[in-house]
1. If you go through segment 111-120 one residue at a time, how many are more than 17 Å from residue 96 (Cβ to Cβ) and either open to solvent by 90 Å² or more (accessible area, probe 1.4 Å) or part of a loop (DSSP other than H, G, I, E, B) (or both)?
2. Across segment 138-169, what is the total count of residues that are of a type in the set (Ser, Thr, Tyr) and touching a helix residue (DSSP H, G or I) at 6+ places or on another chain (Cβ under 6 Å)?
3. Looking at 332, 313, 320, can you tell me which residue is at pLDDT 95 or above and more than 30 Å from residue 99 (Cβ to Cβ)?
4. Would it be correct to say that residue 348 is under 29 Å from residue 250 (Cα atoms) and without any contact (Cβ under 8 Å) to a residue 40 or more places away in the chain?
5. So which of 85, 60 ends up being out of contact with any Leu (no Cβ under 9 Å at 6 or more places or on another chain), at pLDDT below 95 and over 24 Å from residue 264 (Cα atoms)?
6. Looking only at segment 255-269, which residues are open to solvent by less than 60 Å² (accessible area, probe 1.4 Å) and within 20 Å of the chain's Cα centre (by Cα)?
7. Cβ contacts < 7 Å: first residue open to solvent by 10 Å² or more (accessible area, probe 1.4 Å), restricted to segment 99-110; second residue part of a strand (DSSP E or B), any location; separation 6+ or different chain. Result?
Amino acid sequence: MAGRKILSFLIKSVILGVFVAALILFLMPNLRNGQGLSTDWFSSQSVSASRHSYSQAISRSAPAVVNIYSVSIENDVGIYRSRPRERTSLGSGVIMTESGYILTCNHVVQNADSILVAVQDGQILDAQIVGTDPYTDLAVLKVKGENLHKIPQSEQPQVDVGDMVMAIGNPFDLGQTVTHGIVSRAGRNGLSNFVDFIQTDAVLNQGNSGGALVDSTGNLVGITNANFQVRDSRNGVRNVDGINFAVPYELAHRVMDEIITNGKVVRGQLGFIGGEIRGRSGVIITAVAKQSPAAEAGLRPNDIIMAINGTTLESSAKTLDMIAETRPGTQLDLLISRDGETIDITVTVAELGS
């Protein structure tokens, strides 16, 4: 009796073992091919599949972002004598060409007696100021170095609200640091509007000025400039979190090209302020500066500029850009609507700031 029970137990165990083995071979085809049991079968695939990194974009752009140290000598006035004192400013810059042209902010190098550029590969280079543009707060430097890494650039980068961007710079001299955020407002690229910059919530701190704002592929979309500041109840200045600015790439590149070619940026101006008219084309003049080209030509407030050199005007911003990009000394033919009458006025463009 005991022998039958043992035999029955063994038969059941063998049948169960065969069934389990067949089930395992069915579920794991690798075992049927003699490949063995992979430990990856027990690991979770969702972690690696969902991992998202911008390291490739940073590896393309970060080597082109440099640290800038500008030194100026100031006189410290004491009770009995004045003595020189060295002041060091910290900032960042972006290598724009392999020949050594660097874009940075004007306030980083303003009044500097000497400028040092620290490249990410360890080179420490002396830099010379090629020229500056106070209106956009940009400056162009020139260095001589070996194997300089030019930042990736696109002639017309597409920047839209909601795009993810990264700011690369040297805040507080901590070394190269990357922050990220989204584009809150896409700036314009016209020479007439000097403060309509890209707005982003990517964090900028002291030392970030002049660094790179890049997109998710590592292409340069702007030169980081400043964060938004307000005065508090004690009349002190404080930063506002989440509101930071960068000069749009196309505008920064145009300024750089002008500085390299002419040593400065030349902008035209007529000396009026204008706005658009809802529901119709043209630009209405709201104010005219005294002794300006507009005043000398006889333009008045409430005049409507319908066209310039035969081109119908649809946007005040584009109109100001067109004037800013016109060489000083050029004559423009304006078609004016005044009190229901149409008149032609010729005006000569002057240089902004002259």
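The values are calculated or read from the model by the stated rules, or taken from the named source; none is laboratory data. Keep in mind that what you see is a predicted model, and the values were worked out from it rather than measured. For neighbour counting, all protein chains shown are included, and Cβ atoms are generated from backbone atoms with ideal geometry for every residue, glycine included. The accessibility values were calculated without ligands, DNA or RNA, using every heavy atom of the protein model including side chains. Shrake-Rupley method; radii C 1.70, N 1.55, O 1.52, S 1.80 Å.
1. 3
2. From segment 138-169, those of a type in the set (Ser, Thr, Tyr) are 154; that's our starting set.
From what's left, touching a helix residue (DSSP H, G or I) at 6+ places or on another chain (Cβ under 6 Å): none.
Matching residues across segment 138-169 total 0.
3. Values: 313 fails: at pLDDT 95 or above; 320 fails: at pLDDT 95 or above.
So the residue among 332, 313, 320 that is at pLDDT 95 or above and more than 30 Å from residue 99 (Cβ to Cβ) is 332.
4. Working: under 29 Å from residue 250 (Cα atoms): yes; without any contact (Cβ under 8 Å) to a residue 40 or more places away in the chain: no.
When the stated conditions are applied, residue 348 does not pass them.
5. Details: 60 fails: at pLDDT below 95.
Being out of contact with any Leu (no Cβ under 9 Å at 6 or more places or on another chain), at pLDDT below 95 and over 24 Å from residue 264 (Cα atoms) holds for just one of 85, 60, which is 85.
6. Going residue by residue through segment 255-269, those that are open to solvent by less than 60 Å² (accessible area, probe 1.4 Å) are 255-256, 258-259, 263, 265-269.
If the condition is that a residue be open to solvent by less than 60 Å² (accessible area, probe 1.4 Å) and within 20 Å of the chain's Cα centre (by Cα), then 255, 256, 258, 259, 265 are the ones that fit.
7. Hits for this filter: 101/140; 101/142; 106/132; 106/133; 106/138; 106/139.
Residue-by-condition table, conditions (1) in contact (Cβ under 8 Å) with a residue 12 or more places away in the chain; (2) under 25 Å from residue 250 (Cα atoms); (3) open to solvent by 30 Å² or more (accessible area, probe 1.4 Å); (4) part of a strand (DSSP E or B):
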{"position": "86", "(1), (2), (3), (4)": "yes, no, yes, yes"}
{"position": "132", "(1), (2), (3), (4)": "yes, yes, yes, yes"}
{"position": "145", "(1), (2), (3), (4)": "yes, no, yes, no"}
{"position": "148", "(1), (2), (3), (4)": "yes, yes, no, no"}
{"position": "153", "(1), (2), (3), (4)": "yes, yes, yes, no"}
{"position": "162", "(1), (2), (3), (4)": "yes, yes, yes, no"}
